[in-house]
1. Using the structure shown, decide if Glu194 is modelled with pLDDT under 95, surrounded by 18 or more Cβ atoms within 10 Å (Cβ to Cβ), assigned to a helix (DSSP H, G or I) and not polar (S, T, N, Q).
2. Can Asp137 be described as more than 24 Å from Arg10 (Cβ to Cβ), acidic (Asp, Glu) and out of contact with any helix residue (DSSP H, G or I) (no Cβ under 8 Å at 6 or more places or on another chain)?
3. Regarding Glu163, is this residue farther than 24 Å from Ala47 by Cβ and acidic (Asp, Glu)?
4. Please enumerate the residues belonging to region 203-243 that are within 15 Å of Ser173 (Cβ to Cβ) and out of contact with any Phe, Trp or Tyr (no Cβ under 9 Å at 6 or more places or on another chain).
5. For Pro207, state whether it is under 29 Å from Glu227 (Cα atoms) and without any contact (Cβ under 8 Å) to a residue 24 or more places away in the chain.
6. May I ask you to verify whether Ala38 is touching a Pro at 6+ places or on another chain (Cβ under 7 Å) and modelled with pLDDT of 95 or more?
7. What residue, of Ala107, Ala157, Ala118, is touching a Pro at 6+ places or on another chain (Cβ under 7 Å), of a type outside the set (S, T, N, Q) and farther than 24 Å from His245 by Cβ?
8. Among the residues of region 27-64, which ones are closer than 11 Å to Val4 by Cα, acidic (Asp, Glu) and surrounded by 18 or more Cβ atoms within 10 Å (Cβ to Cβ)?
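The values are calculated or read from the model by the stated rules, or taken from the named source; none is laboratory data. Values in this document were obtained by computation on a predicted structure and should not be read as measured data. Here the Cβ positions follow ideal geometry from the backbone for every residue, glycine too, while neighbour counts run over all protein chains shown.
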Amino acid sequence: MTDVAAVLDRALSLGEAGLWDEMAAELAGALEDEPDDAYLLCWLGVAEREVGNDGAAYEAFRRCVAQDPADPHLLALAGAGLAAFDDPDAERVLRAAALTGPDVALARIQYGAYLARAGLHTEALEHLREAVRLAPDDPVAYGELGTALALMGDLGAAAAAMEEAIVLAPDDSWTRFLLGLVRIEDRDLEGGAEALLAAAADRIEDPEAQMLAALAASSAGWDDRAEEAFARVAHSPEPLDPALHAEVDAAITAGSDAARALLLEDLVPSVLRERLIQPI
């Protein structure tokens, strides 16, 4: 009989080390003997999602939920996994997590994040502010609170929450990138440019981040930094939009006024919205 607790200890250690393939293999092997164990299934879903095996991840989360787990931590993880695939059962599972674990910060974070992306701002803020109270040292709680505030248009409060998240997790380039977009949308061009440039330097795989950072730097009159960020686009392993690349290149070449117009009027509003609604 498989020692599930021992398997989970080994698997989570592998995940903490970023060895997601090995974690998935460890859990899949254990599931041969314990095919209905909700914990093994949930963490397999997490590992498969990390390595980009979306179909396997979704199946694991569905199988986990089918076991009717009562653990709010497990419900929060599985519900968030379903939400990433737009499964209509995600809301039910995440609501159950928050109801069964009102003092569990993870449950509050995941349900609040889901509600915020669904446009239920008042309810989302209730859960996310409670998550911050429960876990004042958790950067994810502050980051998701900032996301919810930005989605409802309270940009100043959103920036403040995101700044708290970055203080707690300085290497969080995702939240730093969102902070840059929020600041620019709030017409703090220099503050936004600084945040975008710092985030883009850590997000080499993200050509859109490089182009927005370059435009922001150009808008602020920092030509050398704009050129440096724009040059990184060519080294991104992710595909880029040739039309957008040409448009950004032309705006930077034309000068700060053209870069500012493209950034403020055309790109930041749509990109900010797209990034904010991406599931955690």
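1. No.
2. For Asp137, the condition - more than 24 Å from Arg10 (Cβ to Cβ), acidic (Asp, Glu) and out of contact with any helix residue (DSSP H, G or I) (no Cβ under 8 Å at 6 or more places or on another chain) - is not met.
3. On the way: farther than 24 Å from Ala47 by Cβ: yes; acidic (Asp, Glu): yes.
Answer is yes for this residue.
4. Ile204, Glu205, Pro207, Glu208, Ala229, Arg232, Ser236, Glu238 - these are the residues of region 203-243 that are within 15 Å of Ser173 (Cβ to Cβ) and out of contact with any Phe, Trp or Tyr (no Cβ under 9 Å at 6 or more places or on another chain).
5. no
6. So Ala38 passes the test.
7. Ala107
8. Matches in region 27-64: Asp37 only.
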